[in-house]
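Reviewing the structure listed below.
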Amino acid sequence: MSTKNNPETWHQIRLGFTANLVVAASVAAYGSVLGLLAAQKGLSWLQLLIMNLSVFAGSSQFVMVDMWLPPLPILEITLAVLIINMRYLLIGASLRPLFHGRSFIHKALHIHLVADENWAITMGRLHREPTTTAFLLGGGLCIQTAWCTGTLLGHRLGAVINQPEQFGLDFAFVAVFTALVFSFWRGRQDLFPWLITGLVAIISAQLLPGKWYILCGGITGALVSAFSPVNQEDKGYDA
């Protein structure tokens, strides 16, 4: 369904945009921390904007900025982003009913603007009433606007602060990522994979140079979680 000359589609986009305003402020605040860190790492305003528009994934962008040291470890950054964004495979699968019958181009253009926030709001609405991909798109536009605004404002702030540690801002990355990690906690089934992930990451950090410990810990944790007896029992129960 094209948005051109289609009042209902534009209406759905506006509804999606408005529905996501409730989380837009927190997204902008979260993004301002990334902008601050990016400025301290020497990323330009334009580089940050390009990253926002092309990657548009908060957690992986934090990792990219943290790894942004010359010479740039392109392979490590790429693999780290892929591992961190693996959850979007499940998010994309959950949106299958919404995209049923749509063309590949339609799916590609819309799925790029899927973030955790507009996905959750769209899925919640989908369980209550008929929902379209235009609603999802509107939410994505809202979240990306808030994200870009927050990161770029944070970048300007970071550019004028020479010593962020004086304000405790050097701890921002650790604080934000700690909060992000615990937001993923589902219960006891996550305890063993998380412990193994942390152990492998610590050992890898001692044995391997650079940021390879992120990949080692992430891949190991994903495999342990996938084959965990607890998860297998949960799957059997749900079935």
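The values are calculated or read from the model by the stated rules, or taken from the named source; none is laboratory data. Here the structure is a predicted model, which means the values were calculated and not measured. Methodologically, a virtual Cβ is constructed for each residue, glycine included, from the backbone with ideal geometry; neighbour enumeration extends over all protein chains shown.
One table, with the values for the structure above:
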item: Criterion violated by Phe171 - all others in (1) under 23 Å from the mean Cα position of the chain (by Cα); (2) modelled with pLDDT under 60; (3) surrounded by 11 or more Cβ atoms within 10 Å (Cβ to Cβ); (4) under 30 Å from Ile121 (Cα atoms) satisfied; result: (4)
item: Criterion (closer than 18 Å to Leu153 by Cα and among the hydrophobic types (A, V, I, L, M, F, W, C)) met by exactly one of Ala19, Ala39; result: Ala39
item: Residue count for segment 126-147, restricted to those that are modelled with pLDDT of 90 or more, assigned to a helix (DSSP H, G or I) and over 11 Å from Ala24 (Cα atoms); result: 6
item: Any hit, segment 15-33, residues being modelled with pLDDT under 90, of a type outside the set (Ser, Thr, Tyr), touching a helix residue (DSSP H, G or I) at 6+ places or on another chain (Cβ under 8 Å) and within 27 Å of Ile219 (Cβ to Cβ); result: yes
item: Residue match in segment 24-37 (condition: under 29 Å from Phe104 (Cα atoms), in the same structural domain as Asn118 (by TED's automatic domain parsing) and in a loop (DSSP other than H, G, I, E, B)); result: no
item: Residue selected from segment 35-72 under the condition touching a helix residue (DSSP H, G or I) at 6+ places or on another chain (Cβ under 6 Å) and among the hydroxyl-bearing types (Ser, Thr, Tyr), by the criterion surrounded by the fewest Cβ atoms within 10 Å (Cβ to Cβ); result: Ser59
item: Scan of segment 191-211 for residues that are surrounded by 15 or more Cβ atoms within 10 Å (Cβ to Cβ) and at pLDDT 75 or above, ordered by number; result: Phe192, Pro193, Trp194, Ile196, Thr197, Val200, Ala201, Ser204, Ala205
item: Failed condition for Val65, given (1) part of a helix (DSSP H, G or I); (2) at positive phi; result: (2)
item: Residues within segment 73-86 that are surrounded by 14 or more Cβ atoms within 10 Å (Cβ to Cβ) and either assigned to a helix (DSSP H, G or I) or in contact (Cβ under 8 Å) with a residue 60 or more places away in the chain (or both), tallied; result: 8
item: Some residue of segment 3-15 being assigned to a loop (DSSP other than H, G, I, E, B) and either on the phi > 0 side of the Ramachandran plot or surrounded by 20 or more Cβ atoms within 10 Å (Cβ to Cβ) (or both); result: yes
item: Filter result for the condition that a residue is in contact with a helix residue (DSSP H, G or I) (Cβ under 9 Å, 6 or more places away or on another chain), surrounded by fewer than 23 Cβ atoms within 10 Å (Cβ to Cβ) and without any contact (Cβ under 8 Å) to a residue 24 or more places away in the chain, over Ile111, Ile105, Ile121; result: Ile111
